[in-house]
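Scroll down for the structure; my scribbles are underneath it.
The values are calculated or read from the model by the stated rules, or taken from the named source; none is laboratory data. On a predicted model such as this, the values are computed, not experimentally measured, just so you know. Note: ideal-geometry Cβ built from the backbone for every residue, glycine included; neighbour counts use all protein chains shown. All accessible areas refer to the heavy atoms of the entire protein, side chains included, with ligands and DNA or RNA removed. Shrake-Rupley method; radii C 1.70, N 1.55, O 1.52, S 1.80 Å.
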Amino acid sequence: MAVVDIHPSRVVHLNGRDLPSRQTAGYDGWGDSIIQRIDDAIKHCAIPQQQIATLMMESNVDIIKIPNFMANVGTKEYRDKLITRWHLAAVAKSVNRALMLDKEEEWDKLTPNFSGLKDIAMMYMEIASGASDIPATRMLGKSPDGLSATGQSDLENYYKSISAIQKNRISPRMRKLDEIIIRSALGERPKEIFYAWRPLWSLSETQKTDNFLKKTQGIVNLVNAGLFSGEQLSIAAINMLA
């Protein structure tokens, strides 16, 4: 396979996760994989799920105490009779809802305690949520913790974090490619062409109404103060209410 040299100006460099030093930053400073950090956390989520599934399979365990069991179990004849006997007992129990035992035998049922398993499983999932920087209210559909908590602030902070990544990490690196695409499509670079990231966070109708009232009140205050001409206020009002 032939080796081709590519000039750095032809490369859009999108780094991975930042690492503590250049020595650990990987080849040519590409950083760490953005998936590697959450890979272990997600795999660990399967551990409590598998353990809980195993416990569910053993949720009811019959314990039967048989006199002289260890003394007689060494013979094949005794083992065959024991297997046949408990097979018949299990059939009778499933059909008649009654367990037949010898007078000297004892029967008990072991039921494991499942309390706390939900909290353990949720803890692992919250760790995965933290590793991925996605709020648990969004990633897991989990109710927000705390009194009077709605989860709105968590979601708003999450969207602000994504917006910061779009603005500070993606846009500067994609700008070079964007300029090439514009010139390739149009043959020139019109100054009026630009793009903006669509906001992820949107205000509720109540919040929009409150903002509109505050803006209009501000315009009224400017009109009453007489600090600007009518034309200036008209342009400012259009920009504010757009």
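A few notes on this one:
- Among Tyr158, Tyr78, Tyr195: highest mean-square fluctuation, GNM of the chain, C-alpha pairs under 10 Å: Tyr78
- Take every Cα pair under 8 Å whose residues are at least 6 apart in sequence, average their separation, divide by the length of region 129-237, and the relative contact order is 15 percent.
- Hits among lysines - C-alpha to C-alpha of Lys65 under 24 Å, sequence gap 8 or more where chains match: Lys76, Lys81, Lys93, Lys103, Lys109
- Its residues counted as N, region 99-205 yields a C-alpha radius of gyration over 2.2 N^0.38 Å of 2.11.
- The accessible area of Ile127, taken with all protein chains in place and a 1.4 Å probe, comes to roughly 90 Å².
- Equivalent-ellipsoid semi-axes of the chain, from the Cα gyration tensor, Å, largest first: 68, 32, 15
- Mean projection area, nm², convex hull over Cα of region 30-125: 11.0
- Build a GNM of the chain with springs between Cα atoms under 10 Å apart, and of Phe194, Phe114, Phe212 the one that fluctuates most is Phe212.
- Residue-normalised accessible area of region 61-115, given per residue in Å² at a 1.4 Å probe: 83
- Over the residues of the chain, the helix contribution to mean residue ellipticity at 222 nm works out to -17500 deg cm²/dmol, using -39500 (n - 2.57) for each DSSP H run of at least 4.
- GNM remark for the chain: springs join alpha carbons under 10 Å apart, and the peak mean-square fluctuation among Gln207, Gln49, Gln166 falls on Gln207.
- Taken about its Cα centre, the chain carries a charge dipole of about 520 debye when Lys and Arg each add +1 at the Cβ and Asp and Glu each add -1 at the Cβ.
- Heavy-atom accessible surface of region 166-217, averaged per residue, reaches 88 Å², computed with a 1.4 Å probe.
- For Lys43, solvent-accessible area (1.4 Å; no DNA, RNA or ligand), Å²: 120
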